[in-house]
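A short worksheet on the structure shown next.
The values are calculated or read from the model by the stated rules, or taken from the named source; none is laboratory data. Here the structure is a predicted model, which is why all the values come from computation and not from measurement. We place every Cβ from the backbone using ideal geometry, glycine too, and count neighbours over all the protein chains shown.
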Amino acid sequence: MNSETKICQNCKGKFTVDGDDLSFYEKFEESAPDYCPACRMQRRLAHRNERTLYKRECDLCGKDSVTIYPPNTPWPVYCAPCWWSDKWDARIYGIPYDPSRPFFEQFRELQMAVPRIGLLNMNSVNSEYTNNSADNKNCYLIFAAEKNEDCLYGRLIQNCKSVIDGAFVYDSELCYEAIDCHKCYQTMFSEQCQASTDLLFCYDVRDSDHCILSVGLRHKSYAFENKGCSKEELERKKREILSSASSIAAAKRRLEELKQQYPVKFASQTKCVKTTGDYLYNCHTSRMLFDTRNAKNCGYIADAEDPIDSLDCNNVYYKPELCLDIMGTLQSYHLRHSAYIFYSHDMEYCDNCHSSESCFGGVGLRKAKYSILNKEYSKEEYKRIRGQIIEALKREGMYGAFLPPSVSPFGYNETLAKDYWPLTKEQAIAEGFQWQGATTGMVGKETILRGKIPETIEEVGDSILNEVLVCLDCGRNFRITPSELQFYRRMHLPLPRKDFECRHQDRMRKRTPRALWHRKCQCAGGSSENGAYRNSAGHFHASDHCLNEFETSYAPERPEIVYCESCYNSEVV
């Protein structure tokens, strides 16, 4: 099938819908989207509040609870035990579809009436301040996180213990400021490292131990700036670097310098075939994927595990299949244009529904079937009314797009969308998004002035737990928790100078964006040998410059030296 070129309704940029995508839309009996992939993802992420938390009373039991909804929201909010209980049923709020009124106007009225769950936090112990999480113990301010213990301040932390200030960290222990690290132990201020122990300020180091300020190492021990080093010398350098906040800042700058001297692979992909994107594992015949594992025949997906035959999804897990334009799902089949659908199938334009099937415009449903706007029908009547709504949405030019920004339960400034597409209040409102004016955060209450935080952890007494600090970047106040202080002392780390949100944004800026550029491998031969060309690592290609091309998330104007996989593997070996 031929591709189709379109103009995005939002950003007005050109984009191409290729033949594979058009075939997929035909399966769903839908036309090609009117929004480009980036704007489609932005609309989905504007329905996901992960990290903006509030305190409010449960509207059912009256107990104080932590929620993702501020007290000024117009709909009821229940704590998790109440929401999952049998004390209420979302079907009692059902309304008959009125063909004389816009569908999403009626959908919004239903949203205003149906209680919402305060947090998605399941089977956790002493981990009240976590969201989109499950099976955690003694954790605080970690998000999109599962099966962790004693972890603080992070996003996408999975199966970890004592990981503090991390992002995209898996199966690791005793790590600090780790980004995209797998199976690491006692690793600090490091990025894209795997199966390694005792790393400090390292990048892309694997199967190694006791390395400092090193890049691209494999199977090495005791290295400083990629050169061999004695155990005693390495310990001395480690003490020097961790001696103060100033020396740590200097080491951060030095790591950035070293990273520019070594090539990077065009994308972080392992066991991937015919796939474009970054931070991928075992993905096949897919395009524009990010932070995804075990995908097959998918496109435009991020933060996913095991998706099959799906397009335009974010935060989808446990083998979602035949899903189109979804924000948040667990083990579901044949979904489209919906948010937070768990263990369900054949759901369309639904919000926060569980263990249900064949529903259209449902909100907060559990174990429902043949439901439209939370009102149940016979199978035949359901099909008739559903067809009527779809025809009305097509006339309005709204069918085939995600839930509109006007029905998001969050302000744009509360959501993940702001991480990837920062907007001012005026810009967000102009694009149809909402804005939350009552976000959390305290300013002007600091008891330790900016720049007066002690340089070393040895200078910090227990009284710090009673102090209020101020972020160097945003000026918001923050505190140190007892478990956090214990960790800093154990690892000989100075106190942070920024609040959690600014630290998180610093980590996110170290990762590549969720966009792709077509580029050529930058590997050029150094010396010639028998008509071939060899660089410093001893790999060959037939001309003085590698001819491989690829899609990469490293923009052309970035300073990194970007290699194809073959050249990169030869270089690091």
Here are ASP312, ASP306: which of them is outside the structural domain of ASP198 (by TED's automatic domain parsing) and in contact (Cβ under 8 Å) with a residue 40 or more places away in the chain?
-> ASP312
With respect to SER221, is the statement that it is hydroxyl-bearing (Ser, Thr, Tyr) and closer than 21 Å to ILE457 by Cβ true?
-> no
All positions within region 241-265 that are among the hydrophobic types (A, V, I, L, M, F, W, C), touching a residue at least 60 places away in the same chain (Cβ under 8 Å) and part of a helix (DSSP H, G or I) | ALA245, ILE248, ALA251, LEU255
Just wondering, is there one or more residues in region 381-388 that are basic (Lys, Arg) and closer than 13 Å to LEU403 by Cα?
-> no
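Scan region 44-60 for residues that are closer than 15 Å to GLY441 by Cβ and of a type outside the set (Ser, Thr, Tyr) and report the count.
4
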Listed residues TYR170, TYR185, TYR203; which is closer than 20 Å to ARG253 by Cα and either modelled with pLDDT of 95 or more or buried (at least 23 other Cβ atoms within 10 Å of the Cβ) (or both)?
-> TYR203
Do we find that LEU119 is surrounded by 20 or more Cβ atoms within 10 Å (Cβ to Cβ), part of a loop (DSSP other than H, G, I, E, B) and of a type in the set (A, V, I, L, M, F, W, C) in this structure?
-> yes
Criterion: in a helix (DSSP H, G or I), in contact (Cβ under 8 Å) with a residue 60 or more places away in the chain and surrounded by fewer than 24 Cβ atoms within 10 Å (Cβ to Cβ) - qualifying residue of ILE390, ILE385 | ILE385
Across region 337-347, the tally of residues that are surrounded by 21 or more Cβ atoms within 10 Å (Cβ to Cβ) and under 22 Å from ILE385 (Cα atoms) stands at 6
Out of all the residues in region 423-432, is one or more in contact with a helix residue (DSSP H, G or I) (Cβ under 9 Å, 6 or more places away or on another chain), under 30 Å from PHE487 (Cβ atoms), basic (Lys, Arg) and not assigned by TED's automatic domain parsing to the domain that holds PHE478?
-> no
So, of the residues in region 399-428 that are assigned to a loop (DSSP other than H, G, I, E, B) and either among the small types (Gly, Ala, Ser) or in contact with a Pro (Cβ under 7 Å, 6 or more places away or on another chain) (or both), which turns out to be surrounded by the fewest Cβ atoms within 10 Å (Cβ to Cβ)?
-> ALA401
Here are some conditions: (1) closer than 20 Å to TYR262 by Cα; (2) modelled with pLDDT of 95 or more. ASP165 meets all but one. Which one does it not meet?
-> (1)
Examine region 356-365 for a residue that is of a type in the set (A, V, I, L, M), buried (at least 17 other Cβ atoms within 10 Å of the Cβ), over 30 Å from LEU472 (Cβ atoms) and modelled with pLDDT of 95 or more, and state whether such a residue exists.
-> yes
Given region 337-378, what strands (runs of 3 or more DSSP E) lie entirely inside it while holding 2 or more residues that are touching a residue at least 12 places away in the same chain (Cβ under 8 Å), out of contact with any His (no Cβ under 6 Å at 6 or more places or on another chain) and among the hydrophobic types (A, V, I, L, M, F, W, C)?
-> 357-360
